[in-house]
Structures are given as C-alpha cells and as structure tokens.
Amino acid sequence: MNLPSATSHRAEHEPLLSVAGLNAWYGAAHILHDVGLKVGRGEVVALMGRNGAGKSTTLKAIMGLLPQRQGEVEFMGHGLQKRQAYEVARLGLGYVPEDRRIFTDLTVMENLATGRQPDRTWPDGSPGLNWSLDAVFDLFPHLAGMRHRLAGSLSGGEQQMLTVARTLMGNPFCLLLDEPSEGVAPLIVEQMADMILALKARGASVLLSEQNIHFAQLVSDRAYVLEKGAIRYAGAMAELAANDEVRSAYLAL
C-alpha cells in the first residue's frame, strides 16, 4: 500500500520533539520498530492505532519509562536517551498516563501541589507556558468546585481532568497525552477537546495517543498511525480522516 507522507503539512517551527529509529522491548518481546515522529511548537499530533499497536509504549519510551529502548529522542535540543523520567519532566515534557495515577488519599489541591514546578522560559528568553492555580481552574472549572475533595472520590472522568491539571502545574512546553477520551463520559471528552485546543492556542505542543478518530480530528493537525509497533501512515489529520483505505487497514475494529 502506498501511503501518504507528512510533507504536505509541515510544522511552522523546528520540532520541539523529534524521535528517530525508536525501538523498545518488554523483556524479549520487541514492541517498537524504528518509530520516527516529530512534534512542532504549537502543534497537536495524533498517534493513532488499534489496541496493542504500540501507542502507549511509544509515549513511555519517549518519557524514559522503559529500560529497554534504543534510538534517538530529542526535546528542545536535549537528548533524552540516557535520561530518567524525572529528568525529562524537568526539561518541560509532561506526561499524562492512561491509568491516571493520582494520589487517591490526597485532595484535589494537594494533588495539584505535587505537580508544581518553577516557571519556565523559552530558549529565546520569552516567558514559558506557566500555569497558576487560577489558570488551571479556568481550564477545568468542574475541578474548581472540588478542590477540597479527596481525589479517590472523583469519577473516572474527573480523575482524568485532575491528572491533566496536575501535569500542567509542571509548566510543560509539550504534553504527552495517553488516551484522554478512553472510558470517560461524552461531556468530559468535550472538555478534553476544549482543553487541548486551549493549550494549542497558548503555543503548547501535544502528542496525543488516541483510537477515537473523531476526537483526534477535532484537535489534531497531523497524525501518525502505528500498527504492530511500526509507523504505517504519516500525514495531515484531514487526509487521514478522508483516507478510507488507511482507516480500514489500521484503525477499523
């Protein structure tokens, strides 16, 4: 199958995040095969594929959460291959895992406090994408009325919002979002889409792992499609949405 390339839609700026020849293993199982992708400043990029295609593994490998990985990962001029996950986060790469990992016995406010990092500046000295509590609550007004509730008492969708909000308290330049629309109510999915578009409007970048093409189409500029741990498509999101052959081959259930 001749697949389109991403040359028809380029990021306006040099990529913040660049991945080349990324391989990863779980024990003896070779999961990722020479994955390559780029995310530009202020760009939302969808990483799509069926369950088990390697989407979550790609995000974990980028973030430094897999001990068995090879390849080149660069973020804002910093090589990430030998860095631990906490070091990657300190550089301004945020990660929202699919399983949320909130502190259930802490309040919403206490969870947000655990994610706080100092304000950041871009390499040119301009202010970074720095988030105050008020800004986070403006983005997630549903959480504002729950600030003193224990996180364990929140619904799944509310916990998902809290996980994103906590990550934003680290003032990331780029956010890795793993399946934000999975298993949450339609209203929360709509709020997640609004959140991603708000991040983009502020100049943040997002790499979004997603199965839901309708959700991805709402927010994404470009898309990569993974199948069996390898990139099978790279191109504009609109082109993917219109390409029945690719969607049927790699996304249909």
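We did not get these values from a lab; they are worked out from the coordinates using the rules stated. What you are looking at is a predicted structure, and each value in this text was computed from that prediction instead of being measured. Virtual Cβ from ideal backbone geometry, glycine too; neighbours counted across all protein chains shown.
Region 130-151 and region 65-114 have Cα centres lying 21 Å from one another.
Here's how it looks for I31: its modeled amide H is under 5 Å from those of A24, W25, Y26, which are all 5 or more places away or on a different chain.
Let me know the shape class of region 93-215, please: from the alpha-carbon gyration tensor, a ≥ b ≥ c as square roots of the eigenvalues, rounded when a/c is under 1.5, otherwise prolate if a/b is greater than b/c, or oblate. Since a/c reaches 1.5 but b/c is at least a/b, the shape of region 93-215 is classed as oblate.
Between W122 and L197, the FRET efficiency estimated from the beta carbon spacing at R0 = 25 angstrom works out to 0.75. Taking amide H atoms as placed 1.01 Å from N in the peptide plane, the amide H of E227 lies under 5 Å from those of R232, each 5 or more residues away in sequence or on another chain. Note on Y250, Y233, Y26: ascending count of other Cβ atoms within 10 Å places them as Y26, Y250, Y233, the fewest first. The charge dipole of the chain, taken about its Cα centre with unit charges on the Cβ of Lys, Arg, Asp and Glu (plus for the first two, minus for the last two), comes to roughly 480 debye.
If you place +1 on the Cβ of every Lys and Arg, -1 on the Cβ of every Asp and Glu, and leave all else neutral, what size is the dipole of region 93-151 about its Cα centre, to the nearest 20 Debye?
140
Multiplying the residue separation of E14 and M109 by 0.36 nm and removing their Cα-Cα distance gives an extension gain of 30.6 nm. When the charge dipole of region 6-250 is built from unit charges on Cβ atoms (+1 for Lys and Arg, -1 for Asp and Glu) and taken about the Cα centre, the candidate among V219, Q68, T58 whose Cα reaches farthest toward its positive end is Q68.
Testing the spin-label approximation: label points 7 Å from Cα along Cα→Cβ at A242 and E74. State their distance in nm. Each label point is offset 7 Å from its Cα along the Cβ direction, giving 3.3 nm. Among beta bridges from DSSP that stay inside region 77-232, the antiparallel ones total about 30%. With a Förster radius of 22 Å applied to the C-beta separation of L65 and N23, the computed FRET efficiency comes to 0.90.
Residues considered: S181, S126, S209. Largest GNM mean-square fluctuation over the chain, using C-alpha springs under 10 Å, is found at S126.
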